[in-house]
Amino acid sequence: ESMPFLIGVRGALGDIDSTNDGDRGDCSKGGDDASQTKLLVGQAIVSDGNDGFIGAYLKRNGMRNYFSHGIETNAAFWESKIGDFNENSPSGGKNDNIADNESNNTTCNERLRIQYHSAKYGGHSCNRCPPNLCKSQVVNDILSRIVEIPTQSSRLGDSAMQQPYRPRIVYIGDGSNDACPALHVLNENDVLLARVGRKRRDPNSKSGAETDEDAIEGHGKHEFHPEMHYHEVEAHGAVNAFPILSTLRKAEKEGLHPKCRICVWRSGKDLRSHVRRILDETKRAWVED
């Protein structure tokens with residue numbers, strides 16, 4: 001609950017959410033309400049963290065309601081450390097898709113157990129992602145269940161001309177496994193907002209809202225500019241750098257190239273600027289359609 005967040009990132013999430021004011025429905029539930037009122041823009045979290053931490057963090061920081069398309073992550077649950085079998089746990093006992101983390105509260109005699117998100121699909125065979133979650137698999141699953149927004153022809157009532165609508169994806173990421181959907185799911189109409197810079201030296205040294213200046217100080221000052229891209233990032237060799245771009249560079253050497261447009265961001269201000277520009281493009285396209 002105590003990790004920091006960039007003020008600009010929080011602002012970008014709010015900008016996206018406010019796009020739907022006056023056009024709000026719950027696309028994640030389906031049914032009559034979802035079919036009558038569609039979201040222009042929806043948000044989802046795809047994370048190899050766990051729902052216990054992420055849920056508490058979003059609730060504490062007032063961001064829980066932003067994610068209309070769900071929070072896709074590993075399941076966390078507490079169970080007694082007395083015996084390995086618990087028939088009430090999601091796995092019903094030991095399971096190869098379960099990871100254990102001992103509780104710091106020894107008086108509770110409990111352990112935190114994590115059930116792999118990939119278990120819902122029967123696992124995955126992706127060699128770019130960890131066993132617990134393949135982000136391409138999850139993004140494709142989200143796409144398969146999103147309520148379709150009518151095309152121009154369907155709004156005019158020409159059922160013969162209706163075509164499946166594949167929404168535009170704007171994917172924000174910084175990790176090596178965020179490169180997976182960029183390579184295998186995102187298309188020419190999509191955008192990858194890839195974070196550059198360094199990870200925080202001590203992630204627990206600050207909590208709550210954080211300015212860009214505070215973040216740079218916490219990550220360590222270094223020369224790293226948005227225009228540095230792919231081979232420049234790799235050559236720069238920043239210690240503890242966010243690995244998404246270097247991972248894409250390695251994939252290029254294997255003959256894999258992302259089809260999507262790629263924009264880089266270092267600060268919350270950078271990200272919010274990108275998001276606002278993309279939202280403006282989306283709104284104009286919607287009006288023209």
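The values are calculated or read from the model by the stated rules, or taken from the named source; none is laboratory data. The shown structure was predicted, so the numbers you read here are calculated from the model rather than taken from an experiment. Please note: Cβ atoms are built from the backbone with ideal geometry, for glycine as well, and neighbour counts cover all protein chains shown. Keep in mind that these areas ignore ligands, DNA and RNA; they rest on the heavy atoms of the full protein, side chains included. Shrake-Rupley method; radii C 1.70, N 1.55, O 1.52, S 1.80 Å.
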Right, residue 214: open to solvent by 30 Å² or more (accessible area, probe 1.4 Å) and either under 24 Å from residue 7 (Cβ atoms) or at pLDDT 65 or above (or both) or not? yes
Exception for residue 43 within (1) part of a loop (DSSP other than H, G, I, E, B); (2) modelled with pLDDT under 90 falls at (2)
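Look through 53, 85, 77 and report the one residue that is at pLDDT 85 or above, open to solvent by 70 Å² or more (accessible area, probe 1.4 Å) and hydrophobic (A, V, I, L, M, F, W, C).
53 is the lone residue from the list that is at pLDDT 85 or above, open to solvent by 70 Å² or more (accessible area, probe 1.4 Å) and hydrophobic (A, V, I, L, M, F, W, C).
Answer with yes or no whether residue 257 is in a loop (DSSP other than H, G, I, E, B), at pLDDT 90 or above, of a type outside the set (Val, Ile, Thr) and open to solvent by 60 Å² or more (accessible area, probe 1.4 Å).
So residue 257 fits the description; yes.
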Would you mind stating whether residue 177 is open to solvent by 40 Å² or more (accessible area, probe 1.4 Å), within 30 Å of residue 248 (Cβ to Cβ) and at pLDDT 90 or above? no
